[in-house]
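Notes follow the structure.
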Amino acid sequence: MGIFIPNDFSYRVLNFINGKTNLPFIEKDELIASFYIFGKDHKVNGDLEITNVKDIARKTMEQIARQIRFYANNPINMNQDLLRENFNKRSMQILIESDIKHVNKQINFDLTKRISKDPTILSDCYAWHLAYYKQDYFFKLFNPFRGINVPADLVEQLEGRMLMLGFNVKDSTKLPYYDPIIPFFHWLEQPL
């Protein structure tokens with residue numbers, strides 16, 4: 001899971017975790033877009049694997065919906081100090097899992113990047129903002145990509161994989177793009 005719109009979302013997450021900014025760090029009219037890529041190592045091959053990915057995608061959508069309801073129906077859980085504390089706990093888990101030794105208590109950039117792109121943290125942020133603004137949302141699942149369906153420079157990254165995109169609007173007609181895949185392709189093509 002990742003967030004590709006807004007482009008600086010991971011930076012905003014780190015600022016929130018570090019107490020440099022408060023919630024909400026996304027404006028009400030600002031677009032938020034998430035992505036889930038399936039078939040990372042071995043691609044998605046055959047009807048059975050496609051069916052399995054569709055099942056996983058459905059469960060993922062249900063989990064996000066549960067998270068949104070959880071926040072919307074439990075105002076105490078909308079408390080930004082509680083969320084920041086949860087993110088700090090998750091950051092500590094990541095630190096322990098990574099088994100990185102720190103020199104002079106300086107955080108390794110790779111660890112910081114990993115924390116800011118952690119699917120658990122991003123998923124909570126996504127659900128929190130949808131609940132806070134009481135926004136509609138939709139997901140679109142794409143079947144396995146073939147070389148002709150993607151820009152030439154993205155074939156190696158996407159061929160044979162399935163993709164699910166989520167947006168904080170009611171449906172794709174509310175997007176400023178003729179197809180929801182367009183901003184994702186643009187985001188992937190940006191230099192790191």
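Computed from the coordinates by the stated procedures, all read-outs in this text should not be read as laboratory data. Note that the coordinates shown come from a computational prediction; the quantities given were computed from them, not determined experimentally. Here the Cβ is made from the backbone with ideal geometry for all residues, glycine too, and neighbour counts use every protein chain on show.
Run down the lysines and flag those whose C-alpha is under 17 Å from the C-alpha of Lys140, throwing out any fewer than 8 positions away in its chain.
Of all the lysines, those that pass the test against Lys140 - Cα under 17 Å, at least 8 places apart if same chain - are Lys54, Lys59, Lys170, Lys174.
Of the DSSP beta bridges with both residues in the chain, give the percent that are antiparallel, rounding to the nearest 5.
In the chain, DSSP labels about 95 percent of beta bridges as antiparallel.
By count of other Cβ within 10 Å, fewest leading, how are Ile37, Ile76, Ile121 ordered?
The fewest-first ordering by Cβ neighbours comes to Ile76, Ile37, Ile121.
Once you mark the trypsin sites (Lys or Arg not before Pro) that are in a DSSP loop and have at most 13 other Cβ atoms within 10 Å, what is the longest gap between them in the chain?
Longest gap between qualifying sites, sites excluded: 41-100.
Does anything in the range 4-22 have its amide N under 19 Å from the 7 Å Cα→Cβ label point of Phe185, and if so which residues?
4-5
Around Met61, what is the net charge, scoring Lys/Arg as +1 and Asp/Glu as -1 over all other residues with Cβ under 12 Å from its Cβ?
+3
Along the positive direction of the dipole of the range 55-192 (beta-carbon charges: Lys, Arg +1; Asp, Glu -1; about the Cα centre), which of Ala72, Phe145, Leu122 reaches farthest?
Ala72
Just tell me which lysines come within less than 21 Å, Cα to Cα, of Lys113; anything on the same chain fewer than 8 places away is out.
Lys20, Lys40, Lys89, Lys101, Lys105
For Asp153 and Arg90 in the same chain, what is the full-extension length gain: residue separation times 0.36 nm, less their Cα-Cα distance, in nm?
Roughly 19.2 nm would be gained on extension.
I need Val155, Val13 ordered by Cβ neighbour count within 10 Å, fewest first.
Sorted ascending by nearby Cβ count, the order is Val155, Val13.
Grab the Cα-Cα distance for Lys174 and Asn45, subtract it from 0.36 nm times how many residues apart they are, and report the gain in nm with one decimal.
Here the answer is 43.2 nm.
Output the Kirkwood hydrodynamic radius of the chain, Cα pairs only, in Å rounded to one decimal.
Taking the inverse mean of 1/r over all distinct Cα pairs, the chain comes out at 18.0 Å.
Calculate the dipole size of the range 109-150 relative to its Cα centre from +1 charges on Lys and Arg beta carbons and -1 charges on Asp and Glu beta carbons; express the result in debye to the nearest 20.
Charge dipole, the range 109-150, about its Cα centre: 160 debye, nearest 20.
Provide the net charge surrounding Leu175, with neighbours chosen by a C-beta distance below 15 Å and charges set as Lys +1, Arg +1, Asp -1, Glu -1.
So the environment of Leu175 carries a net charge of -2.
Name the residue farthest towards the positive end of the dipole of the range 2-189 from the options Phe35, Thr173, Met92, assuming +1 on Cβ of Lys and Arg, -1 on Cβ of Asp and Glu, about the Cα centre.
Positive-most Cα among the choices belongs to Met92.
Describe numerically, in nm with one decimal, the distance between label points set 7 Å from Cα along Cα→Cβ at Ile56 and at Asp136.
Modelled inter-label distance: 3.0 nm.
Net charge within 11 Å of Gln157 by Cβ-Cβ distance, Lys/Arg positive one each and Asp/Glu negative one each, not counting Gln157 itself?
Taking every other residue near Gln157 into account, the sum is -2.
So how strong a dipole does the chain carry about its Cα centre when Lys and Arg Cβ are +1 and Asp and Glu Cβ are -1, to the nearest 20 debye?
In debye, rounded to 20, the chain gives about 480.
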